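The values are calculated or read from the model by the stated rules, or taken from the named source; none is laboratory data. Given the structure is predicted, the values throughout are model-derived calculations rather than measurements. As a convention, Cβ positions derive from the backbone with ideal geometry for all residues, glycine included, and neighbour counts pool all protein chains shown.
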Amino acid sequence: MCQRIHASSAPRRGHPFVGSSTSTTGGEPVDPDATQKTALYREVNATTEAMLKQFAADHAGSFLCECPDVGCDRRLALTYQ
C-alpha cells in the first residue's frame with residue numbers, strides 16, 4: 001500500500017485520507033488510526049519542509065510516508081525544487 005512520492009506530488013491538506021473515518025479509498029473504509037497517522041505525519045512533513053525552506057537547506061530532508069498503513073514508518077529523502 002505504501003507508494004513513493006515526490007516533493008511536487010506529496011499529498012497536502014484535503015487529501016482523501018484526512019477528515020472523517022468514513023472516507024474511503026477503493027471502496028474500503030479508512031481506519032481512524034490510519035487517518036490520525038496520516039494527519040500527524042502530514043504535520044511533521046509540513047514542519048520539516050518549512051524548516052528546510054527557512055534555513056535554505058541544500059540537502060535532502062527526511063520526510064515520513066503519509067500512506068494510511070499504520071505499520072508504515074518509511075522515511076523518504078526529498079529535496080525542495
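Tabulated data
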| read-out | value |
| --- | --- |
| All positions within the stretch 53-81 that are touching a Phe, Trp or Tyr at 6+ places or on another chain (Cβ under 6 Å) and among the hydrophobic types (A, V, I, L, M, F, W, C) | Leu64, Leu76, Leu78 |
| Those residues of the stretch 52-66 which are among the hydrophobic types (A, V, I, L, M, F, W, C) and at pLDDT below 95, in sequence order | Leu52, Phe55, Ala56, Ala57, Ala60 |
| Pair list, Cβ under 6 Å, 6 or more apart: the stretch 56-81 residue within 14 Å of Asn45 (Cβ to Cβ) and without any contact (Cβ under 8 Å) to a residue 40 or more places away in the chain, other residue of a type in the set (Phe, Trp, Tyr) and surrounded by 10 or more Cβ atoms within 10 Å (Cβ to Cβ) | Leu64/Tyr41 |
| Which numbered condition Glu49 misses (of (1) part of a loop (DSSP other than H, G, I, E, B); (2) of a type in the set (D, E, K, R); (3) surrounded by 11 or more Cβ atoms within 10 Å (Cβ to Cβ)) | (1) |
